[in-house]
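Here the structure comes first, spelled out in structure tokens, and everything after it is commentary.
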Amino acid sequence: MLVHGVPEAEAIWDEFRAHLPGRESITVAPPGFGAPVPEGFGATSDDYVAWLTAELERIDGPIDLLGHDWGGGHVFRTVAAHPELVRSWAIDLAGCFDPRYVWHESAQTWQTAGAGEALIARRLAISPADRAPGYVARGMSEHAAARCMEAFDESMGRCILALYRSAAQPKMAEWGTNVAGLRSRPGLVVIPAEDPYTGGEALARRTAERTGAQVGFLTGLGHWWVCQDPRRAAAAYSSFIAAVS
């Protein structure tokens, strides 16, 4: 099961999935990120944990769960609370759960009342077609960037603000201490060497050690490793899955 993040839609996985031959894979879209937002859904981290827990409970196992960006945040917290729902887990933002992690600039803006709303409004004032090249320049494939920017609307903007504000420090550090459930299942911490958003290699390796996870270090790749080099990304993940299945 593949879970994406911010500001993304399920298409972020399309090229990656094409390089997982012989393995059944499904994607699930968090509410607001390519999927409708149910009435009363608050879009906090707790809400997304409840959503992902329900998604996992609907599927007969075994489930290997991979989360990208905030999808990895949902995976970390859900497996920490309900390890019995998965066979294995993998994330690429492990450094964000280290006590030394400092949120990146855009996240800090989103976490600030008024400034966050203004930043979302500025981005939405630009057409999806004009927004997409900026994400391609940062590592998204053209296909993924076009689809993700089409999905980035006012609803997604509201969910981004609620999610990031619910995870302002010291919340991430507090959640990062709850690792017993994660340690009870095989885990993989993916570390794209050029990712500027998730705290860097040292913090990610510290989280991997605390959770008992393996490390997959990807030289030359950045935050959107899953579609920047989907063949290499899928091979790295497939190697991990082959060892636990």
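Assorted remarks:
- Pairs of Cα atoms nearer than 8 Å and 6+ residues apart set the relative contact order; for the chain it is 26 percent.
- Among 57, 142, 24, residue whose mean-square fluctuation peaks in a GNM of the chain (springs only between Cα atoms under 10 Å): 24
- With a cut-off of 12 Å between beta carbons, the residues surrounding residue 93 carry a summed charge of -3, where Lys and Arg count +1 and Asp and Glu -1.
- Cβ-defined net charge surrounding residue 223, 10 Å radius [Lys, Arg +1; Asp, Glu -1]: -3
- Using 0.36 nm per residue and subtracting the Cα-Cα separation, the extra length available between residue 100 and residue 124 on full extension is 5.4 nm.
- Among 124, 182, 66, residue whose mean-square fluctuation peaks in a GNM of the chain (springs only between Cα atoms under 10 Å): 124
- For the residues 189, 37, 79, a GNM of the chain with alpha-carbon springs under 10 Å puts the largest fluctuation on 37.
- The chain: C-alpha gyration tensor shape, a/c 1.5 cut-off, then a/b vs b/c: rounded
- Accessible-area value, residue 110, 1.4 Å probe, nucleic acids and ligands omitted, Å²: 10 Å²
- Only Lys, Arg (+1) and Asp, Glu (-1) charged, at Cβ; the chain dipole about Cα centre in debye: 540 debye
- For region 104-245, the pair-distance distribution built from all alpha carbon pairs, in bins 5 Å wide starting at 0, is 2, 9, 14, 16, 19, 18, 14, 7, 2, 0 percent.
- When region 72-177 is reduced to its Cα atoms, the Kirkwood hydrodynamic radius in Å: 15.5 Å
- For residue 54 and residue 178, the difference between the fully extended length at 0.36 nm per residue and the C-alpha to C-alpha distance is 42.6 nm.
The values are calculated or read from the model by the stated rules, or taken from the named source; none is laboratory data. Treat the numbers as computed from the prediction; the structure is a model and nothing was measured. All Cβ positions, even for glycine, are placed from backbone atoms using ideal geometry, and neighbour counts span all protein chains on display. Only protein heavy atoms, including side chains, enter the accessible area calculation; ligands, DNA and RNA are left aside. Shrake-Rupley method; radii C 1.70, N 1.55, O 1.52, S 1.80 Å.
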